[in-house]
1. If residue 31 satisfies all but one of (1) within 20 Å of residue 474 (Cβ to Cβ); (2) of a type in the set (D, E, K, R); (3) without any contact (Cβ under 8 Å) to a residue 24 or more places away in the chain, what's the number of the condition it fails?
2. Can you spot a residue in the stretch 82-89 that is over 14 Å from the mean Cα position of the chain (by Cα), aliphatic (A, V, I, L, M) and surrounded by fewer than 16 Cβ atoms within 10 Å (Cβ to Cβ)?
3. Quick one: in the stretch 37-62, of everything that is aromatic (Phe, Trp, Tyr) and over 17 Å from the mean Cα position of the chain (by Cα), which residue is farthest from residue 486 (Cα to Cα)?
4. Right, residue 65: open to solvent by 10 Å² or more (accessible area, probe 1.4 Å), at pLDDT below 95 and within 26 Å of residue 230 (Cα to Cα) or not?
5. Do we have residue 77 as surrounded by fewer than 24 Cβ atoms within 10 Å (Cβ to Cβ), under 26 Å from residue 53 (Cα atoms) and touching a residue at least 40 places away in the same chain (Cβ under 8 Å) here?
6. Please pick out the residue among 107, 115 that is surrounded by 20 or more Cβ atoms within 10 Å (Cβ to Cβ), part of a helix (DSSP H, G or I), polar (S, T, N, Q) and out of contact with any Lys or Arg (no Cβ under 9 Å at 6 or more places or on another chain).
7. How many of the residues making up the stretch 37-58 are open to solvent by 20 Å² or more (accessible area, probe 1.4 Å) and hydrophobic (A, V, I, L, M, F, W, C)?
8. Output the residues belonging to the stretch 174-193 that are of a type in the set (A, V, I, L, M) and either touching a residue at least 60 places away in the same chain (Cβ under 8 Å) or buried (at least 24 other Cβ atoms within 10 Å of the Cβ) (or both).
Amino acid sequence: MLKKFQVSENRIFLLVFLLILVVTLFGMPLDLIDPDAALYANISKTIYTNNDFINLYSLGYDWLDKPHLPFWITALSFKLFGVSNFAYKLPAVLIFFSGIFFTYKFTKENYNIKTAVYSALILATATHSIISNFDVRAEPYLTAFMISTIYFIDKYLKTKIIKHLIFACLFAALAIMTKGIFAIIPLMIGLGGELIVKRKWNEIFNPIWLLAIVLIFIFILPELYTLYIQFDTQPDKIIFGSKNTSGIKFFFWDSQFGRFFNTAPIKGSGDVFFFLHNILWAFLPWGILYYIATFFKIKKNLKKVNANEEFYTIFISLSALFIFSLSKFQLAHYTNIIFPFMAVMVADLIYKIETGKIHIFKGFKFITWFQNAVAILLIAAIWYLLKPQFNAFFLITLIVSIIAFYRIVKSKINKTSFIFLSTILLFLNVYSFLFTHFYPTILEYQGGVSAARFVNENYKKKGSLIDNKHHHFAFEYYLNDGFKRIDTLKINNYTGRIFYINQSEYETFTRNNVNFRIVKKIDNFQVSKLNLKFVNKETRKEALETRYLVEIL
């Protein structure tokens, strides 16, 4: 089967991976979504412009929330390529694709080459994988670091070669310096579950894990050092409304456990079932199959554990979902970090359906074709409501998909593979539509971006914001130079400066008798919170708010 797979299907899989690359590239030049991605980009831009890799600032103030690593990496990209959408997204995309590679390697080590290819394709084509490579935050980095850690831990346990343990600790440290200490808890549960169910007691109590803890601590020292310098050595700074804020304590406790128990300065609220149903769309078109794969893996090993199987994937994915569900902080993209492990489980399920080891082909066929039909109808509805201008770049995806589909039909592959690959091609065209029509249409209504470009073109070096900690991240990021934050009481002293303001700030100007004129009214909508009224071109104006560019006279 392996030889046949390599000869008859390699070109098809290469075409599909090429299409994944093309669709990803479509999303890279698009504007960042305000506020989160624009916030991340702004922090990285500040590092780049100040040439200061120790202190993190946002809105002109000390910023204590996420660790430094993604910002360091992006700032280095800005140094190499200049500040742009492409330069911001490039390192995240490259690192994510390394995660696809390590997903393939891990699956190949524990299953077979075909399942490995399937797992790589599943990870690469999950809806939120694609979207997160366009709306870049921390997830592409963390996704890759998580699977890389487990790959090297698994390699170490099988070979006892110390370099694999060192690499595992390095990637675990990178995960911690991306999202915080909580990142390694699912990894620890995955490792513990793997060893416990296989009764490898000697491995569990192996003193080598103490060395691993020491190595991880050494590798995260850059993060601890920067937090110590910015916060612990300067107790008079007012952070979260009080003095004596320890950056190191925040890193080890408040940022993670404090959020989990909702006792930290930054609080949240959430539904315990949020992630269980969000997986269904965030991991489309594989979400339902993940739950089915979980059921069969548990059922198969409930009475007697098969020691030849790996159990990292089920323990990591389920423990992370459990932890996320109990937490009050709930966003769909949080689940991205377990996508590689979910992808492995789904790939194994599909391979077993294909080889007749699990007899649910009709159910698999119904689920996939039903999802495909819904996807087609949904895109048709969006097209009808959105009425976007046609973008010829979409034809690239369509033509490559037709060529790939033709090869699939001609290759006479089995029915399971046919459905699997056809589903991928369909969803890649869905994603292509999003990046060539949907997002280009709605991103035009990000007021901060439009305002910044207008100022860059007509009022160079005069762009300003009120120093009131309002989240105009996109305006600040897209301004080329000359940006200033100005105290409300001093605005009249800055004749000729151009301010980007919302309605409440406009009223502040009026109350304070600021002498100004409106330069331009800007339509604005927060596209991270879409609604039907905005998507529908006929009712879009009703959903927009007005923001202003004003000149101080």
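The values are calculated or read from the model by the stated rules, or taken from the named source; none is laboratory data. Remember, predicted model here, so these are calculated numbers, not experimental data. Cβ atoms come from the backbone with ideal geometry, glycine included; neighbour counts cover every protein chain shown. Only protein heavy atoms, including side chains, enter the accessible area calculation; ligands, DNA and RNA are left aside. Shrake-Rupley method; radii C 1.70, N 1.55, O 1.52, S 1.80 Å.
1. With (1) within 20 Å of residue 474 (Cβ to Cβ); (2) of a type in the set (D, E, K, R); (3) without any contact (Cβ under 8 Å) to a residue 24 or more places away in the chain applied to residue 31, the lone miss is (3).
2. no
3. Taking the candidates together, the pick is 53.
4. yes
5. No.
6. On inspection, the qualifying residue turns out to be 107.
7. 3
8. 174, 175, 176, 177, 181, 183, 185, 187, 189, 191
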